[in-house]
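**Student:** Please see the structure below; I have some questions.
Bear in mind these aren't lab numbers, they're just calculated from the coordinates by the rules spelled out. Keep in mind the model is a prediction, meaning the values are calculated, not measured. Note: ideal-geometry Cβ built from the backbone for every residue, glycine included; neighbour counts use all protein chains shown.
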Amino acid sequence: MQPAAANTGPGWPASIFDPAGPYAGSITTLSWLLLAMAAGVFLVVLVALWVALFGKHRLQKRLGGTRTIWIGGIIFPVIVLSGLLVYGLSLTRNLAEPVPANAMRVRITGEMWWWRVAYLDARGQPVNIDANELHIPVGQPVVLELESSDVIHSFWVPQLSGKLDMIPGRRNILPIQADRPGTYGGQCAEYCGGPHALMGFVVIAHEPAQYHAIMAARRTPRQQVAGRGEQLFRSTGCAACHRIAGTDANGIAGPDLSHVGSRSSLGAGILPNNRGTLIGWIGDSQSIKPGNRMPAYKMLPAQDLAAIATYLEAQK
Amino acid sequence: MPQADPARGAQAIERVGCAACHQIPGIAWPQGASGPSLAGFADQGLIAGRLPNRPDVLTAFVRNAPATLPGTTMPAMPLTKEEARDVAAYLYATGSR
Ligand SMILES: [Cu+2]
């Protein structure tokens with residue numbers, strides 16, 4: 001029997017020591033430096049402890065003298081910590097620099113316990129609405145406008161940037177950048193109630209040409225799929241909470257499902273998106289993500305769940 | 001079961017997401033509960049309380065439950081016949097205590 005496999009969302013677990021761009025890069029460098037320095041100081045303390053316990057009497061006397069206290073307890077920390085402060089601030093300066101005015105902008109709004117995603121045009125108007133997943137082109141900074149509509153959340157995709165709080169009534173700006181294509185996992189980093197630990201996020205970085213193709217495809221009006229799944233989506237009340245672009249489903253209490261068929265994850269980054277997880281989520285999301293704000297639909301027969309899933313799979 | 005491969009079965013189980021509805025030995029996440037736990041499944045006499053628990057029946061059931069057992073609440077899953085056999089082999093290999 002093979003070891004326990006975890007069928008987690010794409011991009012998980014996200015590595016905090018493998019930066020994929022300049023913003024995460026400077027933070028990782030600083031982290032390694034801090035770790036190395038802490039290890040060095042720890043070693044010195046261990047040696048001092050050894051000397052104090054088992055060392056030669058002459059060494060012990062020196063260690064206990066006022067000079068050691070002055071040098072080791074005051075001068076050394078002041079010099080090292082001041083140097084570190086200056087170096088650390090200059091190293092991570094790129095995170096605080098003004099962002100380029102023509103950079104791509106996306107507004108991400110924290111919700112209990114998922115994320116709204118709105119791609120913005122040059123005037124700041126939403127041109128494409130999505131949820132829980134963000135597509136970006138590689139090699140350029142992308143500016144995120146972070147907001148919250150309920151409590152404080154914190155946006156964190158460790159391989160692309162630092163973490164920044166999403167505060168109700170405020171708009172915080174966070175630049176992110178990926179220099180290589182890939183799938184990068186994220187996680188809400190500020191406790192926001194019940195299923196906070198299951199509030200993940202996925203960023204997918206593409207070559208620019210591919211990125212533009214995806215966005216262009218989203219702008220072309222889609223063929224509407226009629227049928228049992230579409231009927232059930234309305235008659236069972238899904239449309240009251242979920243929007244599907246181009247249909248009369250325009251609920252906003254839950255994630256936008258206009259592109260759920262091409263989403264790589266479900267449940268806010270916590271599951272891969274496939275037949276089983278889609279039907280399983282719709283039928284009883286409460287057994288997967290207890291306390292989330294979507295009701296379970298245990299009363300729906302298997303065929304109805306399957307029909308709704310087929311309808312949603314077509315929403316690319 | 002000849003030629004059926006539990007390791008390939010595990011891969012198929014991950015690809016189609018059975019664990020969204022079932023607790024399955026060897027799969028740590030997710031552990032959905034809209035279907036019964038499949039731990040100890042090999043020791044069970046019946047599938048879904050009504051069908052005999054035999055490899056051929058299980059293979060048909062995991063692939064197209066509604067056709068095998070009309071009225072069941074388990075949906076059809078996108079598995080090939082071969083994958084369904086592998087999945088059944090996995091459930092028998094891991095399901096006994
Ligand atoms: Cu949170």
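**Student:** Step through the residues of the stretch A:234-249 one at a time and calculate ³J(HN,Hα) from phi using the Karplus curve (6.51 cos²θ - 1.76 cosθ + 1.60, θ = phi - 60°), rounding each to whole Hz and writing x for Gly and Pro.
**Tutor:** For the stretch A:234-249, the Karplus-derived couplings read 7, 6, 8, x, 4, 5, 6, 10, 10, 9, 10, 3, x, 10, 8, 6 Hz, x marking Gly and Pro.
**Student:** Follow-up. Can you tell me the mean projection area, over all orientations, of the convex hull of the stretch A:104-219's alpha carbons? Units nm², please.
**Tutor:** On the way: hull surface 26.2 nm².
About 6.6 nm², averaged over all directions.
**Student:** Using modelled backbone amide H atoms (1.01 Å from N, in-plane), which distant-in-sequence or interchain residues come within less than 5 Å of A:ASN7's amide H?
**Tutor:** B:ALA28, B:TRP29
**Student:** For B:73-82, what's the mean count of beta carbons from other chains sitting within 10 Å of each residue's beta carbon?
**Tutor:** The shielding value for this peptide is 4.
**Student:** Antiparallel DSSP bridges in the stretch A:104-219: what percent, to the nearest 5?
**Tutor:** 70
**Student:** From the helices alone, meaning DSSP H stretches of at least four residues, give me the mean residue ellipticity at 222 nm for the protein assembly as shown, per-run term -39500 (n - 2.57), in deg cm²/dmol to the nearest 500.
**Tutor:** Helix contribution divided over all residues of the protein assembly as shown: -10500 deg cm²/dmol.
**Student:** Considering only A:GLY139, A:TYR23, B:VAL87, whose Cα is most displaced toward the positive end of the charge dipole of the protein assembly as shown, charges sitting on Cβ of Lys, Arg (+1) and Asp, Glu (-1)?
**Tutor:** A:TYR23
**Student:** Name the lysines eligible as straight-distance cross-link partners of A:LYS316: C-alpha to C-alpha under 25 Å, and not fewer than 8 places from it in the same chain.
**Tutor:** By straight Cα distance, A:LYS316 reaches A:LYS289.
**Student:** Which three numbers, in whole Å and largest first, are the semi-axes of the equivalent ellipsoid of the stretch B:12-93 derived from its Cα gyration tensor as √(5λ)?
**Tutor:** Working: eigenvalues 57, 39, 36 Å².
Semi-axes, largest first: 17, 14, 13 Å.
**Student:** Another one. Taking the Cβ of A:ALA302 as the center, what net charge do the other residues with Cβ under 14 Å away carry, scoring Lys and Arg +1 and Asp and Glu -1?
**Tutor:** +2
**Student:** While we're here: Let's see if you can work this out: charge +1 on each Lys and Arg Cβ, -1 on each Asp and Glu Cβ, no other charges. What is the dipole magnitude of the stretch A:237-316 about its Cα centre, in debye to the nearest 20? All intermediate terms of the calculation are to be shown ahead of the outcome.
**Tutor:** Numbers: 7 positive and 5 negative charges, 37 e Å.
Result for the stretch A:237-316 is approximately 180 debye, rounded to the nearest 20.
**Student:** Enter the Cα centre distance for the pair the stretch A:229-285 and the stretch B:1-57, rounded to the nearest angstrom.
**Tutor:** 26
**Student:** Relative to the longest principal axis of the C-alpha atoms of chain A, give the angle of the C-alpha long axis of helix A:302-313, reported between 0 and 90° and rounded to the nearest 10°.
**Tutor:** Around 70 degrees separate the two axes.
**Student:** Kindly write out, for the stretch B:18-30 in residue order, the coupling ³J(HN,Hα) from the Karplus curve 6.51 cos²θ - 1.76 cosθ + 1.60 (θ = phi - 60°), rounded to whole Hz, with x marking Gly and Pro.
**Tutor:** 4, 5, 5, 10, 10, 7, 10, x, x, 10, 7, 8, x
**Student:** Once you charge only the Cβ atoms, +1 for Lys and Arg and -1 for Asp and Glu, what is the size of the charge dipole of the stretch A:104-219 about its Cα centre, to the nearest 20 debye?
**Tutor:** 240
**Student:** Next up: Using unit Cβ charges (K, R positive; D, E negative) and no other charged atoms, how large, in debye to the nearest 20, is the dipole of the stretch A:164-241 about its Cα centre?
**Tutor:** Result for the stretch A:164-241 is approximately 360 debye, rounded to the nearest 20.
**Student:** Still on this structure, please answer the following. When the Kirkwood radius is taken over all Cα pairs of the protein assembly as shown, what Stokes-Einstein diffusion coefficient follows at 10 °C and 1.306 mPa s, in µm²/s?
**Tutor:** My calculation gives 65 µm²/s for D.
**Student:** Moving to a separate point now. From the residues A:SER258, A:TYR311, A:ILE279, which one has its Cα farthest along the dipole of the stretch A:228-313 in the positive direction, the dipole being from +1 and -1 charges on Cβ of Lys/Arg and Asp/Glu about the Cα centre?
**Tutor:** A:ILE279
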